[in-house]
Amino acid sequence: MALTLVVLAADPETEPADLTLTWTSSEDGPLSGEWLRSGEEASLITDLGLSAGPHTLTARVSDVDGATAEASVDITAVPNEAPLVLFTAPSADEEVTFRTVDDYRMTLTVSDDLDAPGDLTLEWTGTLADAVTLPPVFNADGTMGISLTDLDAGVYTAAISVRDRYGAEGFAQTAITVIVDADNDGIAVEDDCNDDDPNTYPGAVDICDGLDNDCDGVPDNNPPRWFEDGDDDGYGAGLAVAACEAPDGHVSTEGDCDDAVASVNPSAEEVCNGIDDDCNDLVDDDAIGATTWYPDADDDGYGNPDSAVISCEAPVGSYVDVEGDCEDGNAAIFPGADELCDGIDNDCDVLIDESPPHLVHRWG
């Protein structure tokens, strides 16, 4: 960066113009530059390529007789960071496309450690600079807005170089695409097969309207699918038929597992009949009318309520449809059994020896 060093030198026997002045850095050696003299004051303007860190700068003044004098100053050299300039609209990774009739606002920001935004030097390059007049200076807050209107169709590049007073330079660039798009569907006229219809463009969903909505050269080439419904239950089966209009006896919903029985379809209720009524590949599952079965390990006619099974038919093994056995390993214990004086709840009422049929001892 450029630095102005000023020294005052006076000699009673030598004119200031005849004095010899040199500057030396303790770290980088002699400094060179342009001397400017005015009376007893001499200035050295130098492009200091100083290394980063502390320096002692020494001024040496010599007269014609070889007598010298010195003065020193301590400075610290820090790196001069380049101005940071960014396109914020569009950003560096953003692809922007707008129409020739639209108004698009391009924005930028800049910051610099040493110079105010308004003191930075700007240079624009790119095709956008050839098409419009771009601002020569940033706002005081480091922002810039550019309204782009009435541009011809094409791809425009914008590049900006920003330099501070010491020559450090920042750079940013972006690009925009301007298209002719009468129907505002985002597709340029040269790529749109109908630029007067916003619903017609490459990639659109082709609907049954007799038009080539997706610009592939074939109208109505993505019609709905229809399935034959032989039992008129609203569900079809078999191979699909693609057509804009439903063929006779066809519906749009598939999934009927028996298209000859109207009571069998995906929305039917499962009943106990040995048939997969609801077409879920399971027979009599969660069926209406199913029975709750209980395992009866002791064959006393009462089952264990903690191991219930719901099904239309009794499971394989010893199952009954009556629960309540509190000890399914003892056939003498079940609801309704006689209560005995044996310290056991024989009748499964949660009471023990509460009302035995016979008193076997008389007390008193």
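We did not get these values from a lab; they are worked out from the coordinates using the rules stated. Predicted model, so just to flag it, every value in this text is computed and none were measured. Glycine also receives a Cβ, built like all others from the backbone with ideal geometry; neighbour counts cover every protein chain displayed.
Once the C-beta distance of D353 and S263 is scaled by a Förster radius of 56 Å, the resulting FRET efficiency is 0.50 to the nearest 0.05. The calculated FRET efficiency for the pair W124 and V180, based on their C-beta separation and a Förster distance of 25 Å, comes to about 0.45.
Pull out a ≥ b ≥ c, the square roots of the eigenvalues of the alpha-carbon gyration tensor of segment 177-224, then state rounded if a/c is under 1.5, prolate if not and a/b is larger than b/c, and oblate in the remaining case. In terms of gyration-tensor shape, prolate. Listed as lacking a disulfide-compatible partner in the chain: C341, by the criterion of no other cysteine Cβ under 4.7 Å.
Applying 1/(1 + (r/R0)^6) with r as the Cβ-Cβ distance of V64 and Q173 and R0 = 56 angstrom yields a FRET efficiency of 0.45. Counted by neighbouring Cβ atoms within 10 Å, the residues S267, S111 run from fewest to most as S267, S111.
Given the alternatives (i) 207; (ii) 407; (iii) 170, volume of the Cα convex hull per residue in Å³ as computed for this entry is given by (ii). For segment 304-341 versus segment 186-234, the spacing of their alpha-carbon centroids is 65 Å.
Just the number, please: percent antiparallel of the DSSP beta bridges in segment 223-364, rounded to the nearest 5. So the antiparallel bridges in segment 223-364 amount to around 75 percent. Between C244 and D28, full extension at 0.36 nm per residue minus the direct alpha carbon distance yields a gain of 69.2 nm.
Each stretch of four or more DSSP H residues adds -39500 (n - 2.57); spread over every residue of the chain, this sum gives -500 deg cm²/dmol at 222 nm.
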